[in-house]
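Okay, so here's the structure we're looking at.
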């Protein structure tokens, strides 16, 4: 790994649900300019680990550090304020507001305007202009005035990415970003993620089942199995490793072919 200080790090991060250890002493560092895909079979602990990092779950043990600061005790909102951006597997939007209003709220939040936003909206045309720029990046400028509740699922996923872009986090966390999207919609999101990666000044984490997506975007792959980190390295090496063939694929010829060819 790079000698520079990790932007994000987990140290022995652990969570127990009753007698079940869902994530077991996972330690990992993430550096600027790197896109890391987190893969593994269903129930491996991928999304649970994400939830521990972003603050949706409280760790039973271990630490989460952001730029060397221990943020383990902070709420999800405070972690977001410090630069952790999270796009959820299920959309997390305001359904009774328009697409533009959703993104404009995110822009206002970034500028620390908060609830004053509602009173200031008419006098802050710049917020709306910035929000429109983010909508344009996800091909939603034409639906700026649509209520979120009336948007198709794929558009809601794109809107969620626009919100995260508007918050300008240091760490982008994507959990199954193309889930539920049509084939035609997927490239928009993947191109956006690739663009964020290519800026070289962000950390990008991606939980994804589609191995062709993982292969095309990743600088690094981390594999979880039964809540433990079992592989970590460059995509070709990790995908070919016996531990991944066994843990992730079940080592059957059909699933080996799926990983080999996406």
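We did not get these values from a lab; they are worked out from the coordinates using the rules stated. Predicted, not measured: the structure shown is a model, and the values here were computed from it. Note that each Cβ is placed from the backbone with ideal geometry, even for glycine, and that neighbours are counted across all protein chains shown.
Per-residue ellipticity at 222 nm, computed for the chain from helices alone with -39500 (n - 2.57) per DSSP H run of at least four residues, works out to -11000 deg cm²/dmol. Classify the stretch 120-203 as rounded, prolate or oblate, taking a ≥ b ≥ c as the square roots of the eigenvalues of its Cα gyration tensor: rounded when a/c is under 1.5, otherwise prolate if a/b is larger than b/c and oblate if not. Note, shape of the stretch 120-203 comes out oblate. Put a dot 7 Å past the Cα of residue 5, heading toward its Cβ, do the same for residue 110, and the two dots end up 2.4 nm apart. With contacts taken as Cα pairs under 8 Å at a separation of at least 6 residues, the chain carries a relative contact order of 26 percent.
Taking label points 7 Å from Cα along the Cα-to-Cβ direction, residue 58 and residue 219 give a separation of 3.5 nm.
Any idea what angle helix 125-137 forms with the longest principal axis of the chain, computed on alpha-carbon atoms, 0 to 90 degrees, nearest 10? It works out to around 40 degrees. Note on residue 170 and residue 126: their simple-model spin labels are 2.4 nm apart, each label 7 Å out from Cα toward Cβ. Of the DSSP beta bridges with both residues in the chain, give the percent that are antiparallel, rounding to the nearest 5. That works out to approximately 55 percent antiparallel. Between residue 96 and residue 234, the FRET efficiency from the beta-carbon distance, with R0 = 45 Å, is close to 0.50.
How long are the semi-axes of the ellipsoid equivalent to the stretch 1-105, from square roots of 5 times the Cα gyration tensor eigenvalues, in whole Å, largest first? Display every interim value, and only then the final one.
Values: eigenvalues 122, 71, 40 Å².
The three semi-axes for the stretch 1-105 are 25, 19, 14 Å.
Computed on the Cα atoms alone, the convex hull of the chain gives a volume of 133 cubic angstrom per residue.
Give me the extension gain from residue 75 to residue 199: residue separation times 0.36 nm, minus the current Cα-Cα distance, reported in nm with one decimal. All intermediate terms of the calculation are to be shown ahead of the outcome.
Numbers: separation 124, 0.36 × 124 = 44.64 nm, distance 2.81 nm.
Length gained, residue 75 through residue 199: 41.8 nm.
In terms of surrounding Cβ atoms within a 10 Å radius of their Cβ, 84, 65 rank from fewest to most as 65, 84.
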